[in-house]
Every structure is written in C-alpha cells, then in structure tokens.
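The block underneath contains the structure these notes are about, expressed in structure tokens.
Every number here is computed from the coordinates shown, using simple stated rules; none is lab data. From a predicted model like this one, the values you see are computed outputs, not experimental measurements. Note that we place each Cβ from the backbone using ideal geometry, even for glycine, and neighbour counts take in every protein chain shown.
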Ligand code: HEM
C-alpha cells in the first residue's frame, strides 16, 4: 500500500493539460474520440491552480473550453459542518477504524470502495446495501456476492452510537469510510459534506437490475452513469478503481469466452494467463484487476487497457469506444496523479448524487437494520 499522497483542494481536479486535451478532443472528434494521446503534463504541480478546476454547469463545450458537469453544485442538506456540534469526532472515528482495518488487511481498501459504489448504484448513497434481510435485501443480490466490508461499517456504527447516539447516518459513515479507504490506497484526500440520510428500502432484485457487473455495452454504462447524474468522464475515471482489487474467476470467464471477434481484443499471452488461472477454477479463485501494480493506486489500469490487458469485458470496451477511448488514452499517458486527483473528484460526486437529506429516510441505529 502506498503512503497517502498529499491532500488536494476539493475543486481542483483536472490539470490544465488534461482539460486542454479534453477541449481538443471534444472539438475534434466528439467526446473523447481523439486518437492522439495527451502529451506530458504539469503532473504533480497541478493542484496549486484553483482556477483550473472544473466549473459548474451541466457539462459541455463553451468557447473551446470543456466545462465539467456540476462538480461544484451544492446539494441541499449536505454540509461540511453537519456534525461539528453533534458529533465532532465523527470523521476521526471512521478514519481510525478504516486505517486500522486496512493496515491489518490492505485488500479491504478496494472492497470498501466497491461497497460504496454498489450502494450508490441503487438510488444513491443511502446505505441500502448494508441492510441485512437474508434472501431479500441488496446485500443478498447476485451482484453483491463478493462484496466485503459490512462488518467494519457495523463496528464503526457501534462506536458512533456509543459516542453520538442516533446522530450519524450509515450513509455518511460509508461515504467517509470509502474516502478513507481510497486515501489509504494512495488517492489524494478530499473533504466531504455530510447530512445524508439512510434509506428504508433494500431489494435484492433492484441491485441485480442496476449494478453493472460486466456484460454491459458502453452505451449501457453511459446511460447508467448519466441517469445517476454522472458523466462519461466519471465513468472512465471511476472504472479506474480497478487499478486495485481483484475479480473472481466467475466475473472473468465471460470475457474469456467472448474473445473471438471481440471489439477490444485481449493480448494473447494475457488471455492464456487468465485461462490458466481461471480455466477450471472453482468459486474461490481470484485474479488481480491490475496484474502489474495491483496494490498501487496508479494509472496502470489505463496502460493495461492500451495493451489489451484488461480483466473485465466492460473495462476493455472503454478503449475502442469513441466516447471513452480518448479519456483512456489520456489517463494512460498522463502522470498517475492526474488520474488520482480526478478520481477523488468523481468519488465525491458519487457520494452526493441522488442522496436523501433533511427529513427523508432516517438515521439508522444499526446499519444492518431499519429502525422499528
Ligand atoms: C463501470 C462499471 C463497472 C463494472 C461493470 C464493474 C464490475 C466489477 C466486477 C465484475 C468486479 C469483480 C467482482 C468479483 O468478481 O468479486 C469489480 C471489482 C471492483 N470494482 Fe468494479 N465495476 C464497475 C465500476 C466500478 C466503480 C465505479 C468502482 C468504484 C468507484 C468500482 C470498484 C471496484 C473495486 C475496487 C473492485 C475490487 C473489489 C475487491 O477487490 O474487493 N467498480 N467490479
């Protein structure tokens, strides 16, 4: 696990160079369709220029500059100071627990990030994934089969209840835990706003219907992200989470079966390696999603895609598609920090999309059960 990188200010995501690339790419080819990879960029220096950060608006091209969608749009009911009086150590409680857990088992960092994404995928971050009703709730969906991190979130909630009874929602705990897991994995720190409320519904079938698990087309993925208030950029950046963590052989086999005539051919040697690893494997076998630097939160995921070494079919398809290919090439050729900073931005956005606030939902007493 890498040491955490330096903190960045929340709104400065993209370096001027990547913005420039996007502007050129959009102008020349429609979104991200350009063939030319980005040139070398300012790299680590990019976070001292607050003005180069994405601006509000719904995304689109204006006067040759690509404005990112709504990163700075504030969500009613979310506030950085939400627990300042009611539970001042809320972030400390989450951070210490996540650090301790990840120190003991670094694979948990990837699992917590994924848990957060799966929760978001069904009607926004409302902790519905944590509700434990055997056979019925999202946790029991086929899409959730290999999710991990539930116990840790419940432990954190227990401590939270002992210090700040009935105050901090499970959705806020999960959001902070995903941020702290990402930071532990090497993503620059990003500040969060709080005030999410917990949902009361959780249906396994909904998770299986909505959570992308492979087999989708890029159009399906774009539609899924856009229908949840995210952009194509967010899709490409957040898919970069697959630079850490692992996939079960069950998730890898469909890509191996479809290799003939695939739009995104897999490198032969790599396909052979995956076949050897997953060919006759039982349920418990896993492969690293990034076979080169599996524990580094770097841009190797995009470099792998460029070499036909993506593990999931949905990852491989991002390169040949004209809407996403330019961004894959850009992140592959830029220093890793460009990607990591943008990842922090998109994660923040993920945690603010479609959330419940105010009097909606509830603050659960236990994350695994709705209140009586
Ligand atoms: C775009 C559509 C996506 C698809 C189709 C997809 C699919 C998958 C699949 C099939 C796995 C392997 C699961 C297993 O077999 O155990 C996986 C793992 C993972 N996914 Fe995704 N994913 C997507 C997007 C995302 C996003 C947006 C994030 C985070 C923001 C994410 C984070 C992860 C992580 C960290 C892992 C590794 C988990 C671990 O090691 O425990 N994925 N994903």
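List of remarks:
- Residue order, fewest to most beta carbons within 10 Å, for 257, 87, 170: 257, 87, 170
- Both numbers refer to the Cα atoms of the range 309-372; Rg and Dmax are 18.4, 53 Å.
- Proxy reagent accessibility, fewest Cβ within 10 Å first, across 146, 231: 146, 231
- Taken over the range 224-365, the convex hull of the Cα atoms encloses 143 Å³ per residue.
- Per-residue Cβ neighbour rank within 10 angstrom, fewest leading, 200, 157: 200, 157
- Efficiency of FRET between residue 272 and residue 154 - r from beta-carbon atoms, R0 41 angstrom, step 0.05: 0.45
- Cα gyration tensor shape of the range 113-271, rounded if a/c is under 1.5, else prolate or oblate by comparing a/b with b/c: prolate
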